[in-house]
Amino acid sequence: MARTSRFNLGSKSPFRTATLWLIWGWLLIFALLPNILVIAVSFLTRDSSAFISLPVSIDSYVRIIDPLYFEVFVHSLWMASITTVICLLLGYPFAWLVSKAKTRWQPLLMMLLILPFWTNSLVRTYALKLLFANNGLINKFLLAIGVIDTPIDILYTQGAVIAGLTYLLFPFMVLPLYAVFTDLRNDMLLASQDLGASRRQTFWHVVLPLTTPGIISGVLLVLLPAMGMFYVADILGGSRNLLVGNIIKNQFLDARDWPFGAAASVLLTLAMAVLLLAYRASSRRIGKTDFNEVA
């Protein structure tokens with residue numbers, strides 16, 4: 001009862017009311033309304049002069065299964081999935097080690113992780129291009145130590161795109177994992193050991209289920225953005241390693257086919273909704289009722 005009355009008193013505050021209206025207005029205008037417009041445009045017809053026109057049609061969604069575009073979707077999903085797996089395999093032990101570090105060192109380690117965000121991601125991608133080029137630092141170093149006789153082709157390959165995506169998105173995997181590791185209770189691990197479980201059994205039956213929300217959250221923050229970062233594919237991959245984001249950009253800016261570009265965007269939004277539902281289900285499974293507790 002006391003908790004309810006405090007909430008009611010707070011809700012009568014003019015500042016609180018204005019803040020809530022501002023937040024909801026911002027979300028309505030800059031989040032909900034644009035998404036509704038994209039969904040609506042995806043069901044319209046392309047027009048050479050006005051970009052979109054009636055009648056309502058589902059041709060844009062049918063075109064997605066065209067072999068030309070479907071292959072790009074599958075290839076994009078493949079590269080994004082590899083990127084996500086690499087980020088998870090590297091980020092999971094990294095987040096665990098940071099969470100086990102001394103408390104006074106943890107903020108410093110996390111600051112070093114997010115320090116690259118102080119530089120624009122486009123600038124960092126061009127820096128990777130300087131590393132991967134035939135006359136770049138990597139080839140020069142390998143030639144200098146005698147590992148190779150001629151420069152190897154790194155730039156404009158699938159591996160270069162995956163490396164760029166991994167470099168840019170790795171912190172997004174670590175942050176939610178670090179959050180769940182800091183919430184992991186040591187008494188559960190001790191109880192598992194007291195009951196005779198080995199370290200492998202403790203990890204498989206205790207640690208992994210309790211950190212599943214962090215894994216799904218990390219996948220959500222890496223997989224879908226990896227499919228949409230068109231500038232990484234443009235700079236590091238060339239025309240043979242396109243992402244879904246490249247299709248969306250080309251349809252809106254070059255081909256001027258807004259309905260098809262909107263349909264591709266809607267598919268990415270639906271994929272995000274599926275991952276959000278999976279995150280919600282995993283959080284409920286371990287007893288999380290406040291979904292803001294996990295990053």
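Can you confirm whether the range 153-160 contains a residue that is within 26 Å of Gly228 (Cβ to Cβ), out of contact with any Phe, Trp or Tyr (no Cβ under 7 Å at 6 or more places or on another chain), surrounded by 14 or more Cβ atoms within 10 Å (Cβ to Cβ) and without any contact (Cβ under 8 Å) to a residue 60 or more places away in the chain?
There is at least one residue in the range 153-160 that is within 26 Å of Gly228 (Cβ to Cβ), out of contact with any Phe, Trp or Tyr (no Cβ under 7 Å at 6 or more places or on another chain), surrounded by 14 or more Cβ atoms within 10 Å (Cβ to Cβ) and without any contact (Cβ under 8 Å) to a residue 60 or more places away in the chain.
Limited to the range 245-256, what total is found for residues that are out of contact with any Phe, Trp or Tyr (no Cβ under 6 Å at 6 or more places or on another chain) and either buried (at least 19 other Cβ atoms within 10 Å of the Cβ) or small (Gly, Ala, Ser) (or both)?
3
Please enumerate the residues belonging to the range 122-175 that are in a helix (DSSP H, G or I) and small (Gly, Ala, Ser).
Ala127, Ala144, Gly159, Ala160, Ala163, Gly164
Go over the candidates Ser81, Ser99 one by one and state the one that is part of a helix (DSSP H, G or I), polar (S, T, N, Q) and within 20 Å of the chain's Cα centre (by Cα).
Ser81
On the given criteria, is Thr157 among the hydroxyl-bearing types (Ser, Thr, Tyr) and either touching a Lys or Arg at 6+ places or on another chain (Cβ under 6 Å) or within 22 Å of Leu88 (Cβ to Cβ) (or both)?
In short, no.
Quick check on the range 220-236. Is at least one of its residues crowded, with 16+ Cβ neighbours inside 10 Å, touching a His at 6+ places or on another chain (Cβ under 9 Å) and either outside any helix (DSSP H, G or I) or hydroxyl-bearing (Ser, Thr, Tyr) (or both)?
Scanning the range 220-236 turns up no residue that is crowded, with 16+ Cβ neighbours inside 10 Å, touching a His at 6+ places or on another chain (Cβ under 9 Å) and either outside any helix (DSSP H, G or I) or hydroxyl-bearing (Ser, Thr, Tyr) (or both).
With the structure loaded, tell me whether Leu169 is closer than 25 Å to Cys87 by Cα and touching a Ser or Thr at 6+ places or on another chain (Cβ under 8 Å) or whether it fails that test.
Answer is yes for this residue.
Scan the range 178-197 and give yes if some residue there is in a helix (DSSP H, G or I), at pLDDT 90 or above and crowded, with 22+ Cβ neighbours inside 10 Å, otherwise no.
Taking every residue of the range 178-197 in turn, at least one turns out to be in a helix (DSSP H, G or I), at pLDDT 90 or above and crowded, with 22+ Cβ neighbours inside 10 Å.
Can you tell me which residue within the range 84-109, out of those that are surrounded by 17 or more Cβ atoms within 10 Å (Cβ to Cβ) and among the β-branched types (Val, Ile, Thr), is nearest to Leu210 (Cα to Cα)?
Here the residue is Val98.
For the structure I just gave you, tell me whether Phe73 is buried (at least 16 other Cβ atoms within 10 Å of the Cβ), of a type in the set (Phe, Trp, Tyr) and in contact (Cβ under 8 Å) with a residue 12 or more places away in the chain.
yes
For every residue, the table says whether it meets (1) β-branched (Val, Ile, Thr); (2) more than 18 Å from Ala263 (Cβ to Cβ); (3) under 23 Å from the mean Cα position of the chain (by Cα).
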{"residue": "Arg16", "(1), (2), (3)": "no, yes, no"}
{"residue": "Ile29", "(1), (2), (3)": "yes, yes, no"}
{"residue": "Asp47", "(1), (2), (3)": "no, no, no"}
{"residue": "Ile65", "(1), (2), (3)": "yes, no, no"}
{"residue": "Glu71", "(1), (2), (3)": "no, no, yes"}
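Output the qualifying pairs, or none if there are none: Cβ atoms under 6 angstrom, residues six or more apart or on different chains, first residue in the range 16-43 and touching a residue at least 40 places away in the same chain (Cβ under 8 Å), second residue aliphatic (A, V, I, L, M).
Hits for this filter: Val38/Ala262; Ile39/Val266; Val41/Ile52; Val41/Ala262; Ser42/Ala262; Ser42/Ala263; Ser42/Val266; Phe43/Val56.
Criterion first (among the aromatic types (Phe, Trp, Tyr) and closer than 30 Å to Ser217 by Cβ) does Phe172 satisfy it?
yes
The values are calculated or read from the model by the stated rules, or taken from the named source; none is laboratory data. Computed from a predicted model, the values in this text were never measured in an experiment. Note that we place each Cβ from the backbone using ideal geometry, even for glycine, and neighbour counts take in every protein chain shown.
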